[in-house]
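Q: Have a look at the structure that comes next, please.
The values are calculated or read from the model by the stated rules, or taken from the named source; none is laboratory data. This is a predicted model, so every value here is computed, not measured. Because the Cβ atoms are built from the backbone with ideal geometry, glycine has one as well, and the counts that use them run over all protein chains shown. Surface accessibility is based on the protein's heavy atoms, side chains included, excluding ligands, DNA and RNA. Shrake-Rupley method; radii C 1.70, N 1.55, O 1.52, S 1.80 Å.
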Amino acid sequence: MKILVFPDERLRIKAEKVREVNERTAADILKLRDTMYKNKGCVGIASTQAGLKDAFVVVDASAGRKPAENHGLLVMINPVITAAGGAAQGREG
């Protein structure tokens, strides 16, 4: 899978809620996971960053340049940000 980069207009498209996890959804998650692992230093990627329409994210902070102790791969389907606070500045990607 190709990772879309700014200013690609497809990054502005809102992801659609996953209503059912089926074979296609599972295959897309595996492809996204593989894409993340193939990109050195990548610790997470959203489905929309690969041009997919369904709302899911894969994350594995243990695979980054500065590995974090965790439980490995995390897949979030229909993730929702429920709180935010503070400010952070730094390089992404």
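Q: Only residues that are part of a helix (DSSP H, G or I), within 12 Å of the chain's Cα centre (by Cα) and of a type outside the set (S, T, N, Q): list them for the stretch 19-44, please.
A: D28, I29, L30, K31, L32, R33, D34, M36, Y37
Q: Here's something else I'd like to know. With D34, D28 as the choices, which residue is modelled with pLDDT of 90 or more and surrounded by 17 or more Cβ atoms within 10 Å (Cβ to Cβ)?
A: D28 is the lone residue from the list that is modelled with pLDDT of 90 or more and surrounded by 17 or more Cβ atoms within 10 Å (Cβ to Cβ).
Q: How about the stretch 6-17: which of its residues are closer than 22 Å to C42 by Cβ and either of a type in the set (K, R) or touching a residue at least 60 places away in the same chain (Cβ under 8 Å) (or both)?
A: Passing the criteria: R10, R12.
Q: Among residues belonging to the stretch 45-76 that are small (G, A, S) and either modelled with pLDDT of 90 or more or in a strand (DSSP E or B) (or both), point out the one that is most open to solvent (accessible area, probe 1.4 Å).
A: This residue is G51.
Q: Would you be able to tell me the number of residues in the stretch 18-33 that are touching a residue at least 12 places away in the same chain (Cβ under 8 Å) and of a type outside the set (A, V, I, L, M)?
A: 4
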